[in-house]
Structures are given as C-alpha cells and as structure tokens.
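What follows draws every value from the coordinates through simple rules; no lab data is involved. Only a predicted model underlies this, so the values are computations on that prediction, with no experimental measurement involved. As a convention, Cβ positions derive from the backbone with ideal geometry for all residues, glycine included, and neighbour counts pool all protein chains shown.
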Amino acid sequence: MRKIKAEIIKYSKMLNSRKLSALRSGNISIRYKEGFLITPSGKKYSSLKTKDIVFVSLEGKFDNKKGIPSSEWQFHQDIYKNKKEAEAIVHAHSTNATAVSTHKRGIPSFHYMVAMAGGQDIKCAKYATFGTRDLSKNILKALKGRKACLIANHGQIAFEENLPKAFELAEEVENISLQYITSLKLGKPKILSKNEMKKVLSKAKNYKKDN
C-alpha cells in the first residue's frame, strides 16, 4: 500500500509541476482491493505524506481518524463501480480544458487525437455542485464509451489502466483543449467525418502499444 500511496503523491505533485492543477485543486486515485486510495481534502500537494492518502471502500466508507478524502471522492467511487477497466483516475482543473468547459461544450473531432479519449469526440458533463452524486451521474453519462471528459464550469477527468497512463491522458486532453481554443480563433474548424474517426479509433487501439 505504501508504494501505491507514494505513486499517488508523485503524480499529485506533477499536477502542479506540469501545470495541470494549482496548489490543492484536482485529485488523484488508484483502485486498491475493494476500494481506492485517494488524495485528501484541502492539502497542498507539495506537502503530502503517505499517511495523508485516504482509503475509501467501494461502498463509500472511510475512517475519519485516518483522514478525510477529497471532497469529490464520490465520482471516483462511481467510476470504479461502473468502469471495471478503470484502475486510476486523474481529475484536473487544467486551464484550457476548464476554459472550454465553461462554455458547456465538448470537443468535436477537429483533430484525430480526440480519439485518445476513446470516442469520436470528448463530451462535456453537465454542471452540478462539486462533491455531489448528481455530478457523478453527469460524469458517468459523459464517459459513456470514453475514458475522459470535460466537466462543465469545472475541469476535466481521465481514467486508465494505471496512473501513468491516466495522467498522460489528462495531459493529452489539456493539449487538445488548447489546440481547439486556438483553432476557434481562426473561425469554425473543419470536422473529421465519422467514417474517418472510425478508422482512427481502430488504429488508436494499438497506438500506445507501438510508442
């Protein structure tokens, strides 16, 4: 368990150093036994210790004496319960993904790399107050058939088979968001066809294996 906690701390600090989230915003978790280990509520990542990482069961139970989990632990719980392939989750308030999300819009297939999130576009979950079950429901809907989505007026979330890949996907979503914002400055971008995106999605299954 200590090794897993150390990995969470490493990538939590990278949220700051890679400018995906400032100070203590966002959160990270890894599936562990019949639950998950998650970053705590309200602590700056730069000061995290292994004892600060909190275990939450899939039933949503945790020991208050051992720490309080991130206020958004509920959507981590729901993703792990509903996405069996999810082994790690990265939630970030990254600048460009958040900017797009404030328009309550997703990201269309203006670039083939949108497929890295698992679908023909990147959905934007409807807004709901942070830390609520309503937000979890909205996120699950936006993640249907996908591994990442934006969250309206909030940020982004990505999951993968391990934490390095989940973090990389979150970085990819942020980069795609920046490219999308830049393309909009030139006007409405041309969108790749559904047939082309089907080809891309087929090739994307082996993309990371080849690189």
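Things worth noting here:
- Taking the chain and dividing mean pair separation by its residue count, relative contact order in percent (alpha carbons under 8 Å, at least six apart): 20
- Region 87-211 - convex hull of alpha carbons, volume per residue in Å³: 99
- Test item: Cα-centred dipole of region 2-210, Lys/Arg +1 and Asp/Glu -1 on Cβ, debye: 40
- Karplus (6.51, -1.76, 1.60) ³J(HN,Hα), θ = phi - 60°, over region 104-113, in Hz, Gly and Pro reported as x: 6, 10, x, 10, x, 7, 6, 9, 5, 5
- If the segment from LYS185 to PHE130 were pulled out straight at 0.36 nm per residue, it would be longer than the present Cα-Cα gap by 16.7 nm.
- Cα long-axis angle, helix 163-185 against the chain (0 to 90 degrees, to the nearest 10): 40
- In region 137-211, the trypsin sites (Lys or Arg not before Pro) that fall in loop regions by DSSP, at most 13 other Cβ within 10 Å: LYS144, LYS190, LYS205
- Filter on LYS13/LYS194; LYS65/LYS144; LYS66/LYS104; LYS126/LYS188; LYS61/LYS144 - keep pairs with C-alpha separation over 29 Å: LYS13/LYS194; LYS65/LYS144; LYS66/LYS104
- Against the chain, whose longest principal axis comes from its Cα atoms, helix 73-82 is set at around 70 degrees.
- Placed amide H near TYR32: partners under 5 Å, 5+ positions off or other chain: LEU37
- In terms of its Cα atoms, region 76-121 spans 31, 22, 15 Å along the principal axes, sorted from long to short.
- Taking the C-alpha atoms only, the angle from helix 133-142 to the longest principal axis of the chain is near 40 degrees.
- Kirkwood Rh (inverse of mean 1/r, distinct Cα pairs), the chain, angstrom: 17.2
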